[in-house]
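Working notes for the structure below.
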Amino acid sequence: MDEGKKRRMYHPDLLRHPDACPALVLNADYTPLSYYPLSLWPWQTAVKAVFLERVDIVAQYVREVHSPTRTLQLPSVIALRQYVKPSEHPAFTRFNLFLRDRFECQYCGGAAELTFDHVVPRAQGGRTTWENVATACAPCNLRKGGRTPLQAHMNLNRRPYRPTSWQLQENGRSFPPNYLHESWRDYLYWDIELEA
């Protein structure tokens with residue numbers, strides 16, 4: 001048996017269950033649709049999109065799936081054939097708020113027990129908007145109570161603002177997921193130092 005076939009026979013991807021083989025989804029310009037959460041499709045969705053000719057396969061797992069008439073290596077990176085324009089401003093969600101604030105309390109810089117705080121409390125007419133809500137740890141939120149930062153003698157590290165989708169994408173690049181398949185690395189640009 002030749003060495004290449006022997007190596008392929010024992011490749012870790014071959015032991016991987018297909019459900020553990022998501023495809024990284026790139027826009028038509030070969031940038032990820034989103035960094036955080038990372039744009040991943042289950043293998044079934046990726047294969048369906050391939051057969052519907054909506055995506056191009058950029059890279060593949062060694063793992064194969066079989067039908068009665070075909071064998072297909074599971075795609076690990078796919079690119080949309082039509083460019084999807086990202087929305088300028090992301091949805092106002094707890095997760096996006098934490099991402100905007102880099103998962104840090106905006107009063108003490110801590111990262112445990114995160115919640116959100118109305119800078120101008122609702123009882124004082126404050127609204128639930130990007131510009132009035134900041135990430136806070138539970139102890140700081142409790143200490144501030146129903147007061148403004150000025151009334152509570154607490155300083156905000158950064159004033160709340162409405163982020164663009166691009167800003168959240170940039171923040172998300174600082175928080176790579178726990179698992180990155182080697183075929184994805186060329187498309188993610190995780191703050192790596194470029195070789196000269």
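Run down Glu104, Glu131 and say which single residue is assigned to a loop (DSSP other than H, G, I, E, B) and not aliphatic (A, V, I, L, M). It would help to see each step written out before you state the result.
Details: Glu131 fails: assigned to a loop (DSSP other than H, G, I, E, B).
Exactly one of Glu104, Glu131 is assigned to a loop (DSSP other than H, G, I, E, B) and not aliphatic (A, V, I, L, M), namely Glu104.
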Requested in this report: Please verify whether segment 98-106 includes one or more residues that are free of Cβ contacts under 8 Å to residues at least 40 places away in the same chain and exposed (fewer than 14 other Cβ atoms within 10 Å of the Cβ).
Outcome: no
Met154 fails exactly one of (1) surrounded by 14 or more Cβ atoms within 10 Å (Cβ to Cβ); (2) part of a helix (DSSP H, G or I), namely (2)
Of those in segment 86-97 that are over 15 Å from the mean Cα position of the chain (by Cα) and at pLDDT below 90, the residue surrounded by the most Cβ atoms within 10 Å (Cβ to Cβ) is His89
His118 meets each of (1) farther than 24 Å from Tyr35 by Cβ; (2) surrounded by fewer than 17 Cβ atoms within 10 Å (Cβ to Cβ); (3) at pLDDT 95 or above; (4) not aliphatic (A, V, I, L, M) with one exception, condition (2)
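Table: residues versus (1) β-branched (Val, Ile, Thr); (2) part of a strand (DSSP E or B); (3) out of contact with any His (no Cβ under 9 Å at 6 or more places or on another chain); (4) under 20 Å from Leu188 (Cβ atoms).
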residue: Gln44; (1), (2), (3), (4): no, no, yes, no
residue: Lys48; (1), (2), (3), (4): no, no, yes, no
residue: Asp56; (1), (2), (3), (4): no, yes, yes, yes
residue: Ala59; (1), (2), (3), (4): no, yes, no, yes
residue: Glu64; (1), (2), (3), (4): no, yes, yes, no
residue: Thr69; (1), (2), (3), (4): yes, no, yes, no
residue: Leu74; (1), (2), (3), (4): no, yes, yes, yes
Contact list, first residue from segment 163-177 and among the aliphatic types (A, V, I, L, M), second anywhere and at pLDDT 85 or above and surrounded by 14 or more Cβ atoms within 10 Å (Cβ to Cβ), beta-carbon distance below 9 Å, six or more apart or interchain, is Leu168/Pro90; Leu168/Asn96; Leu168/Leu99; Leu168/Arg100
On the given criteria, is Pro32 of a type outside the set (A, V, I, L, M) and crowded, with 16+ Cβ neighbours inside 10 Å?
yes
Going through (1) in the same structural domain as Cys105 (by TED's automatic domain parsing); (2) under 31 Å from the mean Cα position of the chain (by Cα); (3) not β-branched (Val, Ile, Thr) one by one, Gly146 fails only at (2)
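Taking segment 46-76 as the search range and keeping residues that are among the hydroxyl-bearing types (Ser, Thr, Tyr) and surrounded by 15 or more Cβ atoms within 10 Å (Cβ to Cβ), which one is nearest to the chain's Cα centre (by Cα)? Talk me through it step by step, then tell me what you get.
To start, the set of residues in segment 46-76 that are among the hydroxyl-bearing types (Ser, Thr, Tyr) comprises 61, 67, 69, 71, 76.
With the extra rule that they be surrounded by 15 or more Cβ atoms within 10 Å (Cβ to Cβ), the set shrinks to 61, 76.
On the way: Tyr61: 21, Ser76: 17 Å.
Looking at residues that are among the hydroxyl-bearing types (Ser, Thr, Tyr) and surrounded by 15 or more Cβ atoms within 10 Å (Cβ to Cβ), I get Ser76.
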With criteria (1) farther than 20 Å from Gln169 by Cα; (2) assigned to a loop (DSSP other than H, G, I, E, B), Ala136 comes up short on (2)
### Task
Restrict the check to segment 94-101 and report whether at least one residue is part of a loop (DSSP other than H, G, I, E, B) and out of contact with any strand residue (DSSP E or B) (no Cβ under 7 Å at 6 or more places or on another chain).
no
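The values are calculated or read from the model by the stated rules, or taken from the named source; none is laboratory data. Because the structure is predicted, anything quoted here is derived from the model rather than measured. Reconstructed Cβ throughout: ideal geometry from the backbone, glycine too, with neighbour counts over all protein chains shown.
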